[in-house]
Each structure stands twice: as structure tokens, then as C-alpha cells.
Amino acid sequence: MTNALSTLLETRDWLLADGATGTNLFNMGLSSGDAPEIWNIDEPAKIKALYQGSVDAGSDLFLTNSFGGNASRLKLHNAQDRVFELNKTAAELAREVADAADRPIVVAGSVGPTGEIMEPMGSLTYDKAVEMFHEQAEGLKAGGADVLWLETISAAEEFRAAAEAFGKADMPWCGMMSFDTAGRTMMGLTSAEMVKMVGKLDHQPLAFGANCGVGASDLLRTILGMTAAGPTAPLVAKGNAGIPKYHDGHIHYDGTPDLMAEYAILARNCGAKIIGGCCGTTPDHLRAMRAALETTPAGPAPTLEKITEALGGFSSASDGTDGATPPASARRGRRRRA
């Protein structure tokens with residue numbers, strides 16, 4: 001399947017994705033607890049400014065403001081009947097910004113987790129998850145998204161449901177999981193296990209990888225694990241800008257533009273082809289990342305020691321790819337969250 005993203009992947013050694021959505025919207029005045037997706041209708045100028053910030057900073061692709069745009073999450077705001085409208089509008093605004101740029105820009109339709117736990121641990125059935133993801137995908141497709149962008153997924157079954165839904169919508173896609181529990185996803189998957197799972201999907205992604213998680217160091221260790229497992233598609237690295245810290249009633253991320261520039265170089269050397277930021281990443285970070293990727297030659301894969309020396313230590317001793325089981329506290333944490 002040839003589209004805007006596959007064309008760029010074929011012609012470029014690396015692509016710069018965007019940064020945070022929530023962080024930047026909070027900086028524009030979004031209140032904690034509000035649904036960002038409602039702003040697609042109520043504050044379209046701010047959403048276009050969010051998108052434009054990524055383009056101006058040098059991103060080759062940016063995500064739509066639709067991360068929580070599924071029926072389950074929107075139900076918390078009594079907006080479950082607005083899934084198609086809110087997703088379509090998110091993509092339409094993005095399309096306006098991308099089409100006005102002086103270079104090819106990919107509009108990636110953001111699709112986050114349902115917010116529910118899949119059976120048998122929870123009550124969400126596989127078929128219902130497919131239905132929710134399909135509804136959101138159709139809205140993003142109607143609005144003009146080039147590709148669907150699944151992110152921050154923890155459960156393999158939810159990832160598979162989204163892949164099936166995107167196939168129903170006849171849309172190309174990319175898929176990310178979040179490895180935030182002793183180097184694994186909250187539901188226990190390692191990076192190597194994700195590579196195996198993706199390889200068995202009927203509707204294959206154009207690219208896949210990891211986003212969010214704990215910090216940039218952990219995410220790069222995850223990318224190294226994926227690279228070692230022999231992925232059949234390009235890898236995506238979208239790490240947080242440092243570690244979150246609570247200060248003066250707000251969460252702040254301590255990663256500087258210089259740190260994220262170093263992260264971008266290391267991410268490319270770890271094997272990632274699409275590189276961006278997640279929570280805490282602003283246009284200032286993106287500009288530094290772009291400059292670093294453009295001016296620094298590719299190098300060998302870094303050692304774990306090199307990663308920690310540049311970006312800080314890991315949050316756990318192992319990411320599970322060495323056969324180590326997660327500590328008991330992490331296993332209990334997964335059950336508690338479920």
C-alpha cells in the first residue's frame with residue numbers, strides 16, 4: 001500500500017514525528033479533567049496552532065487531537081455519540097495545516113486505548129473493542145488522515161483488535177505500546193514479545209514501536225530489544241521528555257531540548273526510523289531534535305551504559321528480554337490497575 005507515510009519511509013533515512021498533545025494543550029489553557037477532543041469543535045484555532053507548532057519545528061508527521069476519541073473515553077464527558085464528529089474534525093483541521101505546508105507532512109490519526117480492561121481480566125470483549133476502534137477510524141479517515149496511529153497500548157488483545165478495526169476501515173496504520181512496568185507493558189509484554197505479535201497480524205502496520213513509558217532511557221532500551229528481535233517493519237521511538245515531577249500543582253518534565261536532541265540521535269542509532277517525543281515534548285524540544293538528526297552522522301547501536309550516561313538510569317534492572325521476570329511489586333501493580 002502506497003501512501004504519504006510509506007513514500008517518505010522509502011525515501012528518507014529518518015523521519016521526525018511530533019511531540020506531546022496534552023502538555024501543549026495544557027499550556028494553551030486546557031483544564032485537567034476536560035476532554036481535549038471537545039476542543040476540536042470549541043477551540044479549533046488552538047488545535048490548529050498545536051499542529052502548526054509541530055510543522056514549524058520540523059516534524060514530518062504530526063498526530064491529530066483524537067487520542068481519547070473513542071466511545072468509552074468520551075462517555076466520561078457525555079460525548080459518546082460524538083465519536084465520528086470529533087475525530088473527523090480533528091483530522092480536517094490537521095489536513096488544513098498539513099496541506100498548507102511547503103513540504104510533505106503526514107497527518108497521523110491518533111487512536112489511544114479504550115480505557116477499559118479486556119476479557120478475561122476485565123469486561124471489554126474483543127468484538128466490542130474492534131467496534132469502538134472501527135468507529136474512531138472511520139471518523140479519522142473521513143477527515144483526511146493519511147495513516148492511523150495507535151499509541152500507548154498495554155494489552156496484546158487490544159492491539160490486535162485495533163489492527164482488525166483498521167483493516168475494516170481499509171486504512172494504513174502504525175502501532176505503539178507503552179513499556180512502563182519493569183521494562184514491560186502494564187499487561188506484561190516485553191519488547192521482543194511485541195515484535196512476535198506484530199509479525200502475526202493479518203493487517204500489518206507500516207511501522208511500530210514504543211511511546212510514553214517511564215523515560216527516554218527506558219524507551220531506548222525497549223527499542224534495542226525490538227531491533228534484536230528482528231522486526232519486519234520500521235521502528236518508532238516516541239519517548240517522554242525526561243521524568244515527570246510534580247511542582248506548584250502541575251506535572252513538569254525535566255528533559256531539556258539538549259537532552260532530547262541526544263535522545264533523538266541515540267534513538268536513530270538504536271534502530272528507530274520514526275523519532276518523536278511524547279509527554280513533556282514541546283516545539284523547542286522538536287527543533288533541537290531536528291537539528292541534531294540533520295547534523296549528526298548515524299553511528300553504531302549504543303550500549304546500555306552509553307544510554308544511561310547520556311540520558312540517565314533505567315527504572316528497572318531488566319526489560320524482560322533476558323528472561324528475567326518482573327519484580328513482585330510490578331506484578332501486583334498490574335493486577336491492582338486491572
**Request:** Normalising by the residue count of region 1-106, find the relative contact order in percent from Cα pairs under 8 Å and 6+ residues apart.
**Result:** 31
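Let's see if you can work this out: charge +1 on each Lys and Arg Cβ, -1 on each Asp and Glu Cβ, no other charges. What is the dipole magnitude of the chain about its Cα centre, in debye to the nearest 20?
Once rounded to the nearest 20, the dipole reads 780 debye.
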**Request:** Would you calculate the volume per residue, in Å³, of the smallest convex hull containing every Cα atom of region 19-118?
**Result:** 99
**Asked** So how strong a dipole does region 105-206 carry about its Cα centre when Lys and Arg Cβ are +1 and Asp and Glu Cβ are -1, to the nearest 20 debye?
**Response** 260
**Fill in**
Carbon and sulfur atoms account, in whole percent of the 1.4 Å probe accessible area of region 95-215, for 48
**Fill in**
If the chain between THR227 and GLU96 were fully extended at 0.36 nm per residue, the gain over the current Cα-Cα distance would be 43.6 nm
**Nonlocal amide H pairs with PHE179, under 5 Å, H built at 1.01 Å** = ASN211, GLY213
**Request:** Kindly report the accessible area of region 91-185 per residue (heavy atoms of protein chains, probe 1.4 Å, no ligands, DNA or RNA), in Å².
**Result:** 32
**Message:** With every protein chain left in place and a probe of 1.4 Å, what is the accessible surface of GLU158, to the nearest 10 Å²?
**Reply:** 10
**Item:** 24 Å Cα-Cα reach of LYS46 towards lysines, excluding residues that sit fewer than 8 places from it in its own chain
**Value:** LYS75, LYS88, LYS141, LYS238
**Request:** Please report the base-10 log of the normalised intensity I(q)/I(0) for the chain, using a Debye sum with one equal scatterer per alpha carbon and no solvent, at each q in 0.16 (1/Å).
**Result:** -1.53
**Charge dipole (the chain, unit charges on Cβ, about Cα centre) - positive-most of VAL195, ALA137, LEU148** = VAL195
**Prompt:** Given the Cα-Cα distance of THR7 and ASP284 and 0.36 nm per residue of separation, how much length would full extension add, in nm?
**Reply:** 97.0 nm
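The values are calculated or read from the model by the stated rules, or taken from the named source; none is laboratory data. Computed from a prediction, not measured in an experiment: that's the story for all the values here. As a convention, Cβ positions derive from the backbone with ideal geometry for all residues, glycine included, and neighbour counts pool all protein chains shown. Ligands, DNA and RNA are stripped out before the accessible areas are found, and what is left, the full protein with its side chains, is counted by its heavy atoms. Shrake-Rupley method; radii C 1.70, N 1.55, O 1.52, S 1.80 Å.
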